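Written below as structure tokens is the structure these notes are about.
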Amino acid sequence: MTSPKAYSPEVLLNIYRTALKIRSVDSGVRGLIRSGNLMLAMHPPTGQEIIAACMGECLEQTDYLVTIYRGLHDQIAKGMPVKKIVAEYHGRVTGACKGKGGPMHITHRESGVMVTTGVVGSGMPIATGLGWASQLKGDNRVTVTCFGDGATNIGAFHEAMNLAAVWKLPVVFLCQNNQYAECTTYEDATASKTIAERALAYGENMVGVSVDGNDPESMFNAMRKAVDRARAGKGPTLLEAKTFRLSGHYFGDPSPYIPKEQMAEAFANDPIVKVREQVINSGIATADELDAIVTQFEKEFEEAVEFAKNSPFPELSEVTTDMYGVA
Amino acid sequence: MSDPKMITFTQAYTQALDEAMAADPTVVLLGEDIGDKEGGGVFKVTAGLTQKYGAERVRTTPISEQAIIGAAIGASLAGMRPVAEIMFMNFITVAMDQVVNHAAKLRFMSGGQTPVPITIRTRTGAGTGNGGQHSDMLEAWFAHVPGMKVVIPSSPADAVGLLRACIEDDDPCLFIEDGVTRIVKGEAPPANHKIPLGKAHVEREGSDVTVISYGRPMQDIRKIAAALAEEGISVEVIDLRTISPLDTDTIVNSVKKTGRAVVAHEAVRSFGVGAEVVARIQEFAFDSLKSPVLRVASKDATVPFARTLELEFLYKGSDIEAAIRKTLEEK
Ligand SMILES: Cc1ncc(C[n+]2csc(CCOP(=O)(O)OP(=O)(O)O)c2C)c(N)n1
Ligand SMILES: [Mg+2]
């Protein structure tokens, strides 16, 4: 196991570096859409970077991830090469899924990115199966399944949580509670005060924890505990990471349903800005060093776009290949 | 005469819901994000209806498709006429049990005591770059469940009339809206326009070949039939409007007259509505056939993301034209 055990300034810097990488790809892609250079239904992870970065910091390359359409941050944090994502967004054959999946359906086995689903809630039952396989094989892997607050209102959530608890599966249910499900507020759709308290219904094998997902220390510690618990065979955790979606549901959604003051406050608390101060105050890196990291990621993104644009589209025959192994 | 008023498909759906709610206080709407507070639905079909009819009758739900369809069924048993919105057709799969085992069957299994007068509105179609889980045309699945009615409009005026009919119908109706043509305009119908379910529409009369279709391909077929007429090829065009129950008579009578037929749909080719139409033609008009009945459809594959592949996946207008010409090769 190579992932760090205890929170430290080095860990903080690692987390922040991953968050910066995510933000650079996220804003880079949004820029391409805005300028008309890319046609894409994109669900930006803006504002949720710290959660994913902490997750990545606690996982091994061999661990599994199941995520959702809003999953760019999770995929990058799990170690996916940016150019594989960007090429997929461009519908090129060099993309993670040969251009056939698209932004809502990213898979990259090498990095453990097993499924990205566009159907709300559907990843959780699949995650229990990945966890079950690890249990059967004794391969010591942990599965993390990411989903939103809204997804906890779908039947699949209950079924997967219960199964994971009765079978004591090595799964972390990472709920990124960004307070909105498309245009509907948390309160208008969810009866419980927190998501974490829903864990109570699944007995002592399941632990429910709620943390500020935008605070690296709390998020890292909670994630570390949940992953260690899963790996030790002690059972699943429902980890609720509170955050805010610093964008519309999809890029281009003007989100008139979000009160202006709420949006303004959220922007004032942008974790990329807040955590930068923390990093600098900790003495682990200077402002100049952080700026250099940003410049480096921006350059890498540009290179990924060049790579994508210079890659061919898939052959038209790809429409019917991959439907069956042997037809 | 002044120009006729033109409306989009989206405006047509809204008009039908508005008129139905005004006419019948038991008509209630439920679905994700449909209230005005949430912006009136992701596709704005229900925009303004909360203001007009109140939040009691226009209910935004959690993301809970099973509960949406189940609640619609329950409310219908107790005297309401719910119209449930399922944002994308693929998400109905999450609620298949409620649709297939309950909505479609409760009337029969109760010996007629509990009809289920619900309407499920949903939207789908490939061509929007949304990939494999937001684009499927699954109409054949539901048509294969006796008890369900399945409806797809091909013009804004038909959209108004058919949706009104679905809501007034005493059985569960699935009303399918095309995502690609939603801003296409057509002539607005008069107020309270209703079109009977279960009746196909002979949109254009012809004598050489019958083209049977519904939904989006109708846009292509109208143009193709007009162009072929210039060449002296006379195409009869039938818009099914209701997929199930299927209007066998209209199809069969037309093919008996023309002796040739092409069926076109956007859904994938195999095991689809096209196969059912072809089967009925050969059962009831075999002796009149001058050439094999041809199907035009999208490829048997998952809807791909890359634009180039998505276009390759989809049926094409040129395929329909080629099929028409092919049926005419045999004299
Ligand atoms: C089964 C299903 N129902 C509805 C949708 C449409 N939809 C896509 S995202 C979304 C909101 C999800 O909210 P949440 O789970 O909080 O995740 P977030 O988008 O906020 O990250 C909805 C309703 C869907 N994709 N799948
Ligand atoms: Mg959310």
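Answer yes or no: is there a residue in segment A:157-164 that is within 15 Å of ligand 2 (Cβ to nearest atom) and either buried (at least 23 other Cβ atoms within 10 Å of the Cβ) or not basic (Lys, Arg) (or both). Checking segment A:157-164: at least one residue is within 15 Å of ligand 2 (Cβ to nearest atom) and either buried (at least 23 other Cβ atoms within 10 Å of the Cβ) or not basic (Lys, Arg) (or both).
Run down B:Thr8, B:Thr50, B:Thr14, B:Thr26 and say which single residue is within 14 Å of chain A (Cβ to nearest Cβ), among the polar types (S, T, N, Q) and out of contact with any Phe, Trp or Tyr (no Cβ under 7 Å at 6 or more places or on another chain). Talk me through it step by step, then tell me what you get.
Values: B:Thr8 fails: within 14 Å of chain A (Cβ to nearest Cβ); B:Thr14 fails: within 14 Å of chain A (Cβ to nearest Cβ); B:Thr26 fails: within 14 Å of chain A (Cβ to nearest Cβ).
From the options B:Thr8, B:Thr50, B:Thr14, B:Thr26, the qualifying one is B:Thr50.
Across segment A:131-173, the qualifying residues are those that are within 16 Å of ligand 1 (Cβ to nearest atom) and of a type in the set (Asp, Glu), and the one among them that is farthest from A:Thr116 (Cα to Cα) is A:Glu159. Beta carbons closer than 9 Å, at least 6 apart along the sequence or on distinct chains, pair a first residue in segment A:127-147 that is at positive phi with a second that is assigned to a helix (DSSP H, G or I) and at pLDDT 95 or above for A:Asn140/A:Ser134; A:Asn140/A:Arg231. Checked against (1) more than 30 Å from A:Gln262 (Cβ to Cβ); (2) within 16 Å of ligand 1 (Cβ to nearest atom), A:Pro81 passes all but a single condition, namely (2).
Is segment B:90-103 home to any residue that is of a type in the set (A, V, I, L, M, F, W, C) and either within 16 Å of ligand 2 (Cβ to nearest atom) or not assigned by TED's automatic domain parsing to the domain that holds B:Gly39 (or both)? Within segment B:90-103 (the criterion being of a type in the set (A, V, I, L, M, F, W, C) and either within 16 Å of ligand 2 (Cβ to nearest atom) or not assigned by TED's automatic domain parsing to the domain that holds B:Gly39 (or both)), the answer is no, since none of the residues qualifies.
Can you confirm whether segment B:248-264 contains a residue that is surrounded by 24 or more Cβ atoms within 10 Å (Cβ to Cβ), among the small types (Gly, Ala, Ser) and within 20 Å of B:Lys149 (Cβ to Cβ)? No - not one qualifying residue is present in segment B:248-264. For B:Gly111, the requirement of being free of Cβ contacts under 8 Å to residues at least 24 places away in the same chain and either more than 19 Å from the chain's Cα centre (by Cα) or within 25 Å of A:Ala151 (Cα to Cα) (or both) is met.
Within segment A:166-196, the residues that satisfy the criterion of being more than 15 Å from ligand 2 (Cβ to nearest atom) and crowded, with 24+ Cβ neighbours inside 10 Å are A:Leu169, A:Pro170, A:Val171, A:Val172.
Residues in segment B:45-86 that are under 22 Å from the mean Cα position of the chain (by Cα), within 16 Å of ligand 1 (Cβ to nearest atom) and crowded, with 24+ Cβ neighbours inside 10 Å: B:Val45, B:Thr46, B:Glu65, B:Ile68, B:Ile69, B:Ala72, B:Ala84, B:Glu85.
Answer yes if at least one residue in segment A:198-215 is within 14 Å of another protein chain (Cβ to nearest Cβ), surrounded by 19 or more Cβ atoms within 10 Å (Cβ to Cβ) and within 15 Å of ligand 1 (Cβ to nearest atom), and no otherwise. There is at least one residue in segment A:198-215 that is within 14 Å of another protein chain (Cβ to nearest Cβ), surrounded by 19 or more Cβ atoms within 10 Å (Cβ to Cβ) and within 15 Å of ligand 1 (Cβ to nearest atom). Checked against (1) at negative phi; (2) within 16 Å of ligand 1 (Cβ to nearest atom), A:Gln179 passes all but a single condition, namely (1). When residues in segment A:76-124 are screened for being among the aliphatic types (A, V, I, L, M), under 20 Å from A:Asn310 (Cα atoms) and in contact (Cβ under 8 Å) with a residue 40 or more places away in the chain, 5 of them pass. Report yes if A:Val207 is farther than 27 Å from A:Met263 by Cα, modelled with pLDDT of 95 or more and among the aliphatic types (A, V, I, L, M), otherwise no. Criteria met by A:Val207.
The values are calculated or read from the model by the stated rules, or taken from the named source; none is laboratory data. Note that this is a predicted model, so its numbers are computed, not measured. Here Cβ is always computed from backbone atoms with ideal geometry, including for glycine, and neighbour counts include all displayed protein chains.
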